[in-house]
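The next block holds one structure in the form of structure tokens; read it before the comments.
The values are calculated or read from the model by the stated rules, or taken from the named source; none is laboratory data. These numbers come from a predicted model, not from an experiment. Note that we place each Cβ from the backbone using ideal geometry, even for glycine, and neighbour counts take in every protein chain shown.
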Amino acid sequence: NVPTTAASLKPAVCGGYGYDGFLAKFNATGTGLLYGTYLCGSGHDHPRAVAVHADGSIFVAGETASSNFPVSTGAFREQPAAASFDGFLLKLNPDGKTLAWGTYYGGTESERVNALAVDGEGRLLLAGETRSSDLPGAATGPVGMQDGFVARLAQDGSAVEWARLLGGSREDFVNGIDVGPDGSIWVGGSTRSTDWAGDAAGQEDGFLAVLPASGEGDILSFRLGGRLRDRITSIRMAGSSVVAVGSTESPEWLGEGTPGNGQSEAFLAILDQGPAASGESAQVRRPESGMALWSGAGRIPFDPSPTAGGGPRWIVELVAPPAAGQFRRWKGQRGVARETELSRARQSVRPSQSALRPVIERLGGRVYGSADLVANVLFVEASAQVAESLRGLAGIKRVQPVSRVEPTLDTSLTTHHVLDAWQRIGGELNAGAGIKIGIVDSGVNAGHPAFTDPGLPPLEGYPRGNRAADLENTNGKVIVARGYVPAGPTAHAKDDVGHGSGVAGVAAGSPNETMLGPATGVAPGAYLGSYKMLTSDPVSMSSEDSLMLALEDAMADGMDVVNLSLQHGRFLLRPEDDIFTDICERMVTGGVMVIRSTGNDGPEWSTLTNPHLGEWGILVGSHQNARVLAAKVQLADGAEFFGVPGGSVNLYAGGGVLTGELADVQRIAPSTWGCSPLPVDSLKGRIALVDRGVCTFAVKGETLRRAGAIAMVVLALADAPTPTVMGMGTETLPGFMVSFANGQSLRAKLDSGSATATIPLSWQREPISPDAIAESSSSGPGPSSLGIKPDLVATGENVWTARAAGAFAPMSGTSLSTPFVTGAMATLLGQRPGLDPGHLRSLLINTATPIADAEGKRLPVMKQGAGRLHLDAALASPVAVYPTSLHLGSSDGDFTIEKGVRLTNLSPVDTACDVIAEPRNGPAPVLEPERVSLASGTAGWFLLKWSGTSWAPGQYDGHLRVHCDGAEYPLSIPYWHGVTKGNPEAIKIVISTLTGKVGETLFYAAEFRLTDAAGLPVDSAKPLVTVKSGAGTVVGVISQTSVFPGIYAVHVRPAAGATTFQISVGGLTREFTVTGQ
């Protein structure tokens, strides 16, 4: 029912198979149809080009499979020459109702006419592609499978005056044609041939070619494009310049605009006729001027730079599902097929964004970016009032503020049985072979020795980046480098922080010899993708919107596993309120495993951080290293104490010694803590012994240095007994922190007489037990829908890994434990392909080894999950588990619980498994049956039954152990139940502000968490905040528990000087101090 006009050439549809063509002419305003006609026969007909002569005549060309297409008697060819497709050409009179002439054009194979032009004498020029060896007018057949062609017909269509083929040994396409001012004929298209039009730049290059007006003589040609796929789809002459449009996947050859992130991007390029005018054939990779007009990634350009009066930034999620929901369209595909289906899926999301963008902007918001793959969101800068009005709009699912994102800052390979795993798979270079690991972090420095591996085979379609300069930070191992800062000093893909390089070194660093011996990542055979969204510039980025884009790009780039050693926000959202819960599910079900750190807010309970991964990702905690890596404080009597060096100490040079008499600051100036000026030269030439606390380490260092000290040894406190790295700012005094126990021993020795200490300035190693959770590692419990978190733990303290400028150094935190699991997942993916995400999760989580302390007491499952990572067991296990952990909720002490557990036999042989309970606290649950038989490829179930009456408040937990016949290692399934009366048992001040303006309300001066005896957040308490000392006042205490479980906030009004405020609830107290300025 395409509109046609009466008495047109073909007013009714032909009804053949495939397409029918049509032609329509509208009035100058587009408001009325002047005439319309079908152009068709009994087969498939597809017009592709139209041209209008100066007299109003209309030329139409394309391809047809119809034997009765409307051609004219006496034309060049009245019958088709091919059994498949022939080209066709029609000339309609200006009224559009009658045919001046029409002809088939082609040989015995197939042809397609893609473009038309009319020269100065009214002759028709046509361009397209042919597979025929007998194309009319051509002297020869195609060189390769398919050549492009250019042909000229006589004015009346009765003859082909000449035809020329363009191409090499592969497929070549001509898509555009026009006539230059001098009558020369310009064509544009694309070529996959490597032996024509100069050297190939990529897999498919665009090209331009120019023919003399006569059609005779040399054809001058040159290429445009980069290292991927580039196509010219149309050209037009603009005076002496050529305007070419097309698509490109190559980010490095255009002069302007934002690259298409490895997707297809539209481009417009303007070129002068220099190469043709000079009569020389030239190869041109970059036009004189080029600009990207539209990104094939389809995203709105990301520009988070604040505007005057713009307001905060918001994530606006739309109701329409994102493209990741269509992952089955590209599941299992690779290369062009995957990219094509992925692009189609993403394009289907964008109409929903296009519809809402103008509405948001009319309300006063600025849309500064978008995502469409892992989430359908618009990033909006707007006032709080505008954001609130958006929540009520149709098509919008949720609106949430953009939060800051921050990093969660040798023997470990043995601890996690990585060396055993390497032996099992035939060597370390097979670990992660062919697998792509995405590091979403502060970047990865490709020039570091840990990331240079010339032995890795190149991958088609890589490298990729967001801008041409990003590709400078890629190599054979780092195959993607994307930076998300649009401008400024950090607008690049290199790691200017060092965090991301350290993380990547643990996951997949290449083997290196360092000052402490060999350093190798868990999966050295893996490729790396670097997604830099954490920066050293606090103004630029490190926010949820850039995190979302990084995750989206990692999925689009084909990463197999993504590492997130980061957190956003200090308070755990409920899973249903966090958009990243859905994002993780989409990524994992789409084939991208996601591994994240728990955070470094421990050791208290309920200190898990965002983003949520739901039951899809893997959350990793941290345990101690199997050795201490620090300096040694040596006394004359042979006693030695390990001291963690502060930021002012350089141990990398491996030389130098500090020697001096120990001096206790408490003796010289009691109760000053080294924070107040000391008598002149009271520490001259001496090493100061000083307690931690009251002031910063930098202030201590300056105070002690001014008193003459040559170094300071800081004693950890009883309630924080583990030594840590001290931030010293610009202070130069060497500082070392010792544990609380060692500090008391040092002080006791000094009390018994003078003591001289020697501190060699070199790294020292001392074996210790790794069977302790790192003090800073965040712990559960979280919402029961999350399961037990962390899922498992890995080494996170004093990890020797890649740092800036080619160096290696120790790093600590769950940031470092996480890439151990990421590298293990890459190894598992490479060695056990084809498993679904649930089985992969279980193989890493449930093969972990539960950790017990020195007395043999199991550590709580809400701190260790299933236990310590055991890579060799993950590779060997024949059985997977669902669910991977049993969070059995909470009760008031009276409960009855039944929970099923599924065991799946992944091996080719039958087996049977015995299940037993190993409780840490409380009686063991009953398991029925205690032995489960599993045929190969099948699943079986057992049931956990547990009941209690009047149990005391607290945590009741343990591990279910599964021993399968023939298996090398047992499985571990953690279980947990909390008994609570809802009474607060602990206060943790999470955030407090040190200063405020006198007389003005300081909102959220302190935010604190209340937890009960089970470690669960307390949402219904009535905490009281009073002034303990000073003249400030309390404005109010608010509950934030509807959004952040267990979180309360205090607003105060500072007075001049310091005011100490006291939080009280249920007999518990905590204090914080605010100084008015």
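How many residues does segment 456-503 hold that are surrounded by 18 or more Cβ atoms within 10 Å (Cβ to Cβ) and part of a helix (DSSP H, G or I)?
The number of residues fulfilling the criteria is 8.
Residues of segment 684-715 being touching a Pro at 6+ places or on another chain (Cβ under 8 Å) and in a loop (DSSP other than H, G, I, E, B), which ones?
Passing the criteria: Ala707, Ile710.
Could you list all residues from segment 131-154 that are assigned to a loop (DSSP other than H, G, I, E, B) and hydrophobic (A, V, I, L, M, F, W, C)?
Leu135, Ala138, Ala139, Val143, Met145, Ala154
Of the conditions (1) under 25 Å from Pro781 (Cα atoms); (2) surrounded by 20 or more Cβ atoms within 10 Å (Cβ to Cβ); (3) among the charged types (D, E, K, R), Arg902 fails just one. Which one is it?
The number of the failed condition is (2).
Every residue, every condition in (1) surrounded by fewer than 19 Cβ atoms within 10 Å (Cβ to Cβ); (2) at pLDDT 95 or above; (3) within 30 Å of Ala952 (Cβ to Cβ); (4) outside the structural domain of Pro781 (by TED's automatic domain parsing), yes or no:
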{"residue": "Thr993", "(1), (2), (3), (4)": "yes, no, no, yes"}
{"residue": "Leu1002", "(1), (2), (3), (4)": "no, no, no, yes"}
{"residue": "Thr1033", "(1), (2), (3), (4)": "yes, yes, no, yes"}
{"residue": "Gln1040", "(1), (2), (3), (4)": "yes, no, yes, yes"}
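Of the conditions (1) within 30 Å of Gly823 (Cβ to Cβ); (2) assigned to a strand (DSSP E or B); (3) modelled with pLDDT of 90 or more, Val367 satisfies every one except a single condition; which number is it?
Result: Val367 fails condition (1) only.
Tell me, yes or no, whether segment 658-673 has at least one residue that is within 48 Å of the chain's Cα centre (by Cα), among the hydrophobic types (A, V, I, L, M, F, W, C), over 24 Å from Ala741 (Cα atoms) and not in a loop (DSSP other than H, G, I, E, B).
Scanning segment 658-673 turns up no residue that is within 48 Å of the chain's Cα centre (by Cα), among the hydrophobic types (A, V, I, L, M, F, W, C), over 24 Å from Ala741 (Cα atoms) and not in a loop (DSSP other than H, G, I, E, B).
Under 6 Å by Cβ, and 6 or more places apart or on different chains, what pairs join a residue from segment 540-566 that is over 17 Å from Gly500 (Cα atoms) with one that is part of a helix (DSSP H, G or I)?
Met555/Met587; Asp560/Leu829
Please go through (1) part of a strand (DSSP E or B); (2) buried (at least 20 other Cβ atoms within 10 Å of the Cβ) for Glu513 and return the number of the only condition it doesn't satisfy.
Unmet for Glu513, out of (1) part of a strand (DSSP E or B); (2) buried (at least 20 other Cβ atoms within 10 Å of the Cβ): (2).
Please count how many residues of segment 896-941 are acidic (Asp, Glu) and farther than 24 Å from Trp976 by Cα.
Of the residues in segment 896-941, 1 are acidic (Asp, Glu) and farther than 24 Å from Trp976 by Cα.
Are any residues in segment 1027-1067 of a type in the set (Gly, Ala, Ser), part of a strand (DSSP E or B) and over 20 Å from Gly999 (Cα atoms), and if so, which ones?
Matches in segment 1027-1067: Ser1039, Ser1064.
Step by step: first the residues of segment 905-926, then only those that are of a type in the set (D, E, K, R) and outside any strand (DSSP E or B), then the one that is farthest from Tyr969 (Cα to Cα). Which residue is that?
Among those that are of a type in the set (D, E, K, R) and outside any strand (DSSP E or B), it is Arg920.
Any idea which residue in segment 644-663 is farthest from Thr722 (Cα to Cα), counting only those that are buried (at least 17 other Cβ atoms within 10 Å of the Cβ) and modelled with pLDDT of 90 or more?
Gly660
Filter the strands (runs of 3 or more DSSP E) completely within segment 213-305 down to those with at least 2 residues that are modelled with pLDDT of 50 or more and more than 22 Å from Asp470 (Cα to Cα).
Fully inside segment 213-305 and qualifying: 220-224, 230-238, 241-248, 265-271.
Please go through segment 1000-1021 and give me each residue that is within 30 Å of Val861 (Cα to Cα) and assigned to a loop (DSSP other than H, G, I, E, B), ordered by number.
Asp1012, Ala1013, Ala1014, Gly1015, Leu1016, Val1018, Asp1019, Ser1020, Ala1021
Condition check ((1) within 22 Å of Leu678 (Cα to Cα); (2) among the polar types (S, T, N, Q)) across all residues:
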{"residue": "Thr696", "(1), (2)": "yes, yes"}
{"residue": "Lys700", "(1), (2)": "yes, no"}
{"residue": "Thr703", "(1), (2)": "yes, yes"}
{"residue": "Ala707", "(1), (2)": "yes, no"}
{"residue": "Ala711", "(1), (2)": "yes, no"}
{"residue": "Asp719", "(1), (2)": "no, no"}
{"residue": "Met728", "(1), (2)": "yes, no"}
{"residue": "Asn742", "(1), (2)": "no, yes"}
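Output the residues belonging to segment 656-692 that are β-branched (Val, Ile, Thr) and either under 16 Å from Pro760 (Cα atoms) or touching a Gly at 6+ places or on another chain (Cβ under 9 Å) (or both).
Passing the criteria: Val657, Thr659, Val665, Val680, Ile687, Val690.
Within the group Gly157, Gly128, Gly74, which residue is surrounded by 19 or more Cβ atoms within 10 Å (Cβ to Cβ) and either in a loop (DSSP other than H, G, I, E, B) or touching a helix residue (DSSP H, G or I) at 6+ places or on another chain (Cβ under 7 Å) (or both)?
Gly157
For segment 73-98, give me each residue that is under 21 Å from Gly36 (Cβ atoms) and not aromatic (Phe, Trp, Tyr).
Leu89, Leu90, Lys91, Leu92, Asn93, Pro94, Asp95, Gly96, Lys97, Thr98
To keep it simple, each residue is scored yes or no on (1) under 24 Å from His416 (Cβ atoms); (2) at pLDDT 85 or above; (3) more than 21 Å from the chain's Cα centre (by Cα).
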{"residue": "Ser754", "(1), (2), (3)": "no, no, yes"}
{"residue": "Leu792", "(1), (2), (3)": "yes, yes, yes"}
{"residue": "Gly806", "(1), (2), (3)": "no, no, yes"}
{"residue": "Thr814", "(1), (2), (3)": "yes, yes, no"}
{"residue": "Pro819", "(1), (2), (3)": "yes, yes, no"}
{"residue": "Ser842", "(1), (2), (3)": "yes, yes, yes"}
{"residue": "Asn846", "(1), (2), (3)": "yes, yes, yes"}
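Just name the residue that is surrounded by the most Cβ atoms within 10 Å (Cβ to Cβ) out of those in segment 723-758 that are out of contact with any strand residue (DSSP E or B) (no Cβ under 9 Å at 6 or more places or on another chain) and more than 18 Å from Asp637 (Cα to Cα).
Of everything passing the filter in segment 723-758, Glu731 is surrounded by the most Cβ atoms within 10 Å (Cβ to Cβ).
Please specify each residue of segment 927-953 satisfying the condition of being assigned to a loop (DSSP other than H, G, I, E, B) and in contact with a strand residue (DSSP E or B) (Cβ under 8 Å, 6 or more places away or on another chain).
Pro929, Glu930, Ala935, Ser936, Gly937, Thr938, Trp951, Ala952, Pro953
Identify all residues within segment 970-990 that are aliphatic (A, V, I, L, M) and more than 22 Å from Val861 (Cβ to Cβ); write none if there are none.
If the condition is that a residue be aliphatic (A, V, I, L, M) and more than 22 Å from Val861 (Cβ to Cβ), then Ile987, Ile989, Val990 are the ones that fit.
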